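All remarks here apply to the structure that follows.
The values are calculated or read from the model by the stated rules, or taken from the named source; none is laboratory data. Everything quoted here is computed from the prediction, not taken from an experiment. Note: ideal-geometry Cβ built from the backbone for every residue, glycine included; neighbour counts use all protein chains shown.
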Amino acid sequence: MNNKATFLICIAVIGFSACAMAEYYSGGTGEPNDPFIIATPEDLNDIGNHIEHWDKHFVLANDVNLAQYTGTQFKIIGTWLDWWHDPNSMPTFRGVFDGNNHKVWNFTWDSYYENYIGLFGCVGNGGKVKNLGLENVYINAVNCYYVGSLVGKNVGTISNCYTTGNIDGTGYWIGGLVGLNIGLINKCYSTSNLHSAYGTGGLVGLHSDNGVITWCHATGNSSSNGACSGLVSWTESGAVITNCYSTGDATGNDFVGGIVGYHEDSNVINCYSHSNIIADSYTGGLVGYNLRSTITNCYSTGKVTANYVFGGLVGNRHNDIIQASFWDKQTSSVWYSPGGVGKTTVEMQNKSTFTDESWDFIAETENGTEDIWTINENVDYPRFVWQLVDCDGSFSVDFTDYAALTNFWLDQNCADSNNCDGTDFDFSGNINSIDLSAITQHWLRGL
């Protein structure tokens with residue numbers, strides 16, 4: 001081979017290598033130890049252009065503002081085709097997106113007759129979205145199914161994420177965080193306000209197929225013509241909701257409840273609702289209609305306003321199990337429920353009401369690792385232990401919580417009903433070494 005030919009081959013090899021090593025986004029290779037770096041709005045939008053990367057790893061380097069993308073300009077990440085396709089062959093997002101505790105601002109979407117809408121259209125089997133805040137979302141989805149601020153359909157795992165904003169639509173299955181969930185949602189919340197034609201939930205629209213929602217809450221208001229709830233509009237097929245709460249109002253025609261509107265073949269365990277409910281029928285403070293499902297260790301306090309087939313805890317029930325669950329007869333303005341036990345406000349703020357039914361309260365176990373509930377008696381209703389020590393609502397105990405505790409310790413003036421923003425662990429009215437020890441233990445336990 002002559003020198004000229006050798007030179008040309010070398011140039012070709014170098015050129016090919018340079019192309020193969022071309023960088024995407026703001027750096028990284030997409031491998032677990034070298035994730036793609038997302039640092040700009042253009043980076044985040046570009047993920048939607050590279051289906052070949054939807055099984056890779058990504059990390060958000062800083063807060064990102066998507067205000068420049070309006071209408072349908074943003075490239076939604078991950079898709080889902082019709083039901084007859086093989087789910088394993090779908091171009092869903094099956095990688096890992098770590099928000100790195102940063103925020104994405106101003107995600108908007110405005111469309112007609114499109115399904116699976118969210119920053120991520122579909123998170124598939126093995127896919128994970130974590131440590132991400134999505135703020136000031138606005139979605140207008142006309143005749144669209146499966147719409148969520150963060151994810152349209154979740155088959156994977158969503159953890160430590162939150163959303164704020166508004167969703168309006170005339171379709172089905174709208175959620176503040178996720179439209180349709182058949183995967184795991186853990187330690188997430190939404191403050192979004194929502195409206196749709198049917199199936200609106202403060203956190204999730206439709207919750208199905210053995211999906212799990214745990215340690216989550218929703219505070220935004222939801223409304224729809226039917227199947228509406230402060231947390232999840234509709235459950236079915238073995239879905240589970242545990243250790244969750246809702247406070248946003250829910251308004252609809254039928255199947256309306258604080259935690260679930262229509263609850264079929266599923267389980268709600270250790271949950272509570274302070275949501276006010278307004279509907280026509282099949283309406284309850286916790287669940288609108290309970291069919292072949294279980295409700296265990298739950299309570300509701302919100303006002304229930306309906307015309308017929310309604311109750312303080314559940315509106316109607318059939319072939320189900322409701323155990324150790326209560327509603328406040330006074331605050332709900334309803335003295336009847338086909339399931340659950342009605343109590344006065346005084347009784348609902350008394351620890352013995354719940355411990356008599358074997359609820360797991362703080363100090364009820366030796367090492368505290370199984371404690372779920374705590375209560376400031378005669379002042380408040382039961383709350384979750386994590387609410388008491390998680391001062392900033394991040395679902396984890398960290399230096400922010402320590403800073404809050406330190407400030408109150410120095411001030412020594414926090415004898416209020418909010419328990420010093422959750423730092424007064426023993427309800428003594430001041431911060432001391434007991435509270436410091438409690439937060440330390442929860443940090444070590446990985447709360």
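For the residues SER300, SER266, the requirement of being more than 20 Å from SER333 (Cα to Cα), over 17 Å from the mean Cα position of the chain (by Cα) and at pLDDT 95 or above singles out SER266. A residue that is of a type outside the set (Phe, Trp, Tyr), in contact with a Leu (Cβ under 7 Å, 6 or more places away or on another chain) and within 18 Å of ASP43 (Cα to Cα) occurs somewhere in the range 144-167.
Among the residues of the range 310-341, just one is over 25 Å from ASN378 (Cα atoms) and among the aromatic types (Phe, Trp, Tyr), namely PHE310.
Residues in the range 28-48 that are part of a helix (DSSP H, G or I) and either not assigned by TED's automatic domain parsing to the domain that holds VAL104 or not charged (D, E, K, R) (or both) were compared, and the one that is nearest to ASN100 (Cα to Cα) is LEU44. Given SER229, SER223, SER190, which one is crowded, with 20+ Cβ neighbours inside 10 Å and over 10 Å from the mean Cα position of the chain (by Cα)? Checking each option against the conditions leaves just SER229. When GLY312, GLY285, GLY257 are checked against the criterion of being surrounded by 23 or more Cβ atoms within 10 Å (Cβ to Cβ) and out of contact with any helix residue (DSSP H, G or I) (no Cβ under 6 Å at 6 or more places or on another chain), a single residue qualifies: GLY257. LYS329 meets all of the listed conditions (1) more than 25 Å from SER208 (Cβ to Cβ); (2) among the basic types (Lys, Arg); (3) surrounded by fewer than 19 Cβ atoms within 10 Å (Cβ to Cβ) but one, namely (3).
Taking (1) within 17 Å of GLY311 (Cβ to Cβ); (2) without any contact (Cβ under 8 Å) to a residue 60 or more places away in the chain; (3) of a type outside the set (D, E, K, R) in turn, SER224 satisfies each apart from (1).
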